[in-house]
Structures are given as structure tokens and as C-alpha cells.
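Comments concern the structure below.
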Amino acid sequence: MNSATTTNQASDTVAAWDHAAQGWDRHAPIIHAWLERATAALLAAARIAQGDRVLDIAAGAGDQTLSVAHRVGPHGQVLATDISPAILLLAARNAQAAGLRHVTMRVADAESLGLAGEAFDAAICRLGLMFCPAPLRALREAHAALRPGGRFSALVFAQAKRNPCLAILMTTALKHAGRPQRAPDLPGSLTSLGQPGLLAELLQAAGFVGIEVTTISAPFSLPSSRAYVDFVRTSGTPIMEILASLSPVAQQAAWDDMAEQLQTFDGLIGWVGPNELLLCAASAPV
């Protein structure tokens, strides 16, 4: 892949996340509820404590950034990074509204953070690492930013078969867009790091030690499948990108098809979409 192609792909990624920024921020309460338990496990795995300096990679609109900031307290520091300037502006606004003055923002690609030697006590990444076309490069950047003994933890989606809602969204979007179906572990895709053993291998290759990978159930509970599709159509960047070239009528047909298929997860207490995540934890060598 030449440099021009890489640059174009990066620009497309930035544009896509900038486009989804408002939707992601608007749905923050839904996302917080969905990932509350998983986020608590993420922060515990990173052993974040009062006074720590913490790096939040691919921070998005900053839901978990706020949780980190509360945990480190006013004597700690949090640096939130993301490839999207638009979404980081929202994260900065949210931190300011919460009165968290010890949070700063930096636009940066996870694969080229440029933070080597900064000696952070911990680094986290919540549902961002799997979008990296070269996740090993991102892990090496995180490793370089940590102090000796610093902790790293991340959440990614497990295998596609353990995340049937994502599989339905992707296969249906590709079908309506007239595109060939993709392998679920295609680099940069939603479930690209779900293959058993892959995350641990990448962490080891990046120089981490004390590696642990566990599974976390993270069901998505909403009133209906339509509510889930409404969330995805404004916040689910990979699906939005696939359908972007279609006419409004064709896009609506795709969303309707997804909502109908997802009704299989309707129950007595509403719609509950199963999701399984992988939580990894590791340390930089002392």
C-alpha cells in the first residue's frame, strides 16, 4: 500500500467519524448504560488510581474519559486522543460541563500517537483498537507512552458469531449496497480482533508482559429493534459508510430490513441484543 492510499484512507476515516460525532454524543446516555459494567472492568484492569496520569486512546465523545477523570481526581491528569477533531470537541465540551479541568484533548491517530517517553501510569482504549488497520502499530504506540510498569487495558468486540447483531448489520448493509460479503476478521472491521488468541499475540509482539484476556457479556437493552437501528444509523460509522452511496429511499429500505431481522431479539422486557467483548490487560516491563 503506497503513502497516497494510506493518506486517503486516513482522511476518509476522519471524515466518517466527524460525520458520526453528533450522533455518538447524542446517544451518550444509551452508550453509557450499555457499557457501564464493561467500562468499570476496563478501568479496574488498568489499575487506575487517584493522582495517576492516564492516556485515553480513541476516546470518542469522552464517556469513559469522564469516568477516568473522576477516578484519578483533581491531582491526576487525563489526556484524551482521537482521530476525529469533531468528536474531540464534543469530548472537551462534556469534560468542561462536568467541571473536570484536569482533562486535555489531542487529535491523534492511534497508530501514530507521538507520545513516546511521556511515562503515563496507564493507557486505555474502549472499542477503538479493532478499527485500526494495523493494531500492532497502535499497541506499540501505547506501550511507548507508558512508564515502566505502566498498565494498558482495552475492550474490543469478540468473534462475529458471539455478536450476532453486528453480523446482521454488516451482512445486510453489504447486501443492500451491492457489495461482496467480507470476512468478519478483516483488519479494521468491528470484529477484527475477536479471533481467539489474536489479542494476546499482538500484545506480546508489542512488548507487553503479564497479559490477560477475558470475555465480558455486554447486552444492549433498548425498547425495540427500531431504537437500536436508530442508534446505529447516526452513530455506527462502519455501517453508515457502507450505505452512504445509496439513495435515501434505498438506505431506508436497508435500515428497515435490519430492524425486521433484529426483532428476533425482542422479549418480554423489550429488545436485548447480545454482545460479547474481550477485555485485555497487560503491563509495560519494569
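The values are calculated or read from the model by the stated rules, or taken from the named source; none is laboratory data. Just so it is clear, the model here is predicted, and its values are computed rather than measured. Glycine also receives a Cβ, built like all others from the backbone with ideal geometry; neighbour counts cover every protein chain displayed. Each accessible area value is taken on the protein alone, full model and side chains, heavy atoms only, with ligands, DNA and RNA left out. Shrake-Rupley method; radii C 1.70, N 1.55, O 1.52, S 1.80 Å.
Condition check: farther than 18 Å from Ala173 by Cβ, aliphatic (A, V, I, L, M) and open to solvent by less than 50 Å² (accessible area, probe 1.4 Å). Does Ala281 satisfy that?
Against the criterion (farther than 18 Å from Ala173 by Cβ, aliphatic (A, V, I, L, M) and open to solvent by less than 50 Å² (accessible area, probe 1.4 Å)), Ala281 qualifies.
Among Gln252, Gln204, which is at pLDDT 95 or above, open to solvent by 50 Å² or more (accessible area, probe 1.4 Å) and in contact with a strand residue (DSSP E or B) (Cβ under 7 Å, 6 or more places away or on another chain)?
Sole residue among the options that is at pLDDT 95 or above, open to solvent by 50 Å² or more (accessible area, probe 1.4 Å) and in contact with a strand residue (DSSP E or B) (Cβ under 7 Å, 6 or more places away or on another chain): Gln204.
Can you find a residue in segment 225-248 that is more than 30 Å from Ala142 (Cα to Cα), open to solvent by less than 40 Å² (accessible area, probe 1.4 Å), polar (S, T, N, Q) and part of a helix (DSSP H, G or I)?
So far as segment 225-248 goes, yes, one or more of its residues are more than 30 Å from Ala142 (Cα to Cα), open to solvent by less than 40 Å² (accessible area, probe 1.4 Å), polar (S, T, N, Q) and part of a helix (DSSP H, G or I).
Looking only at segment 249-273, which residues are assigned to a helix (DSSP H, G or I), of a type in the set (Phe, Trp, Tyr) and under 16 Å from Phe220 (Cα atoms)?
Passing the criteria: only Phe265.
Somewhere in segment 72-91, is a residue under 25 Å from Ala227 (Cα atoms), small (Gly, Ala, Ser), open to solvent by 10 Å² or more (accessible area, probe 1.4 Å) and part of a helix (DSSP H, G or I)?
Looking for residues that are under 25 Å from Ala227 (Cα atoms), small (Gly, Ala, Ser), open to solvent by 10 Å² or more (accessible area, probe 1.4 Å) and part of a helix (DSSP H, G or I), one finds at least one in segment 72-91, hence yes.
I need the full set of residues from segment 46-64 which are open to solvent by less than 20 Å² (accessible area, probe 1.4 Å), in contact with a helix residue (DSSP H, G or I) (Cβ under 6 Å, 6 or more places away or on another chain) and not in a strand (DSSP E or B), in order please.
Residues satisfying the conditions are Ile48, Ala59, Gly60, Ala61, Gly62, Gln64.
Have a look at Phe131, Phe120 and point out the one that is under 21 Å from Leu198 (Cα atoms) and of a type in the set (Phe, Trp, Tyr).
Checking each option against the conditions leaves just Phe131.
Please tell me if Leu155 is among the aliphatic types (A, V, I, L, M), under 25 Å from Gly273 (Cα atoms) and at pLDDT below 95.
Answer is no for this residue.
Please enumerate the residues belonging to segment 174-188 that are of a type in the set (A, V, I, L, M, F, W, C) and either free of Cβ contacts under 8 Å to residues at least 12 places away in the same chain or assigned to a loop (DSSP other than H, G, I, E, B) (or both).
Answer for segment 174-188, where residues must be of a type in the set (A, V, I, L, M, F, W, C) and either free of Cβ contacts under 8 Å to residues at least 12 places away in the same chain or assigned to a loop (DSSP other than H, G, I, E, B) (or both): Ala177, Ala183, Leu186.
If Glu141 satisfies every condition in (1) closer than 30 Å to Gln261 by Cβ; (2) outside any strand (DSSP E or B) but one, which is the exception?
Condition (1) is where Glu141 drops out.
Does Glu111 count as open to solvent by 20 Å² or more (accessible area, probe 1.4 Å), touching a residue at least 60 places away in the same chain (Cβ under 8 Å), farther than 22 Å from Ile30 by Cα and out of contact with any His (no Cβ under 8 Å at 6 or more places or on another chain)?
no
Check segment 6-16 and report whether any residue there is among the hydroxyl-bearing types (Ser, Thr, Tyr), open to solvent by less than 40 Å² (accessible area, probe 1.4 Å) and farther than 22 Å from Leu279 by Cα.
no
In this structure, is Met105 in a strand (DSSP E or B) and buried (at least 20 other Cβ atoms within 10 Å of the Cβ)?
yes
Going through segment 152-166 one residue at a time, which ones are over 13 Å from the mean Cα position of the chain (by Cα) and either closer than 19 Å to Glu111 by Cα or touching a residue at least 24 places away in the same chain (Cβ under 8 Å) (or both)?
Phe152, Gln159, Ala160, Arg162, Asn163, Pro164, Cys165, Leu166
Looking at (1) open to solvent by less than 50 Å² (accessible area, probe 1.4 Å); (2) modelled with pLDDT of 95 or more, find the lone condition where Val213 falls short.
Of the numbered conditions (1) open to solvent by less than 50 Å² (accessible area, probe 1.4 Å); (2) modelled with pLDDT of 95 or more, the odd one out for Val213 is (1).
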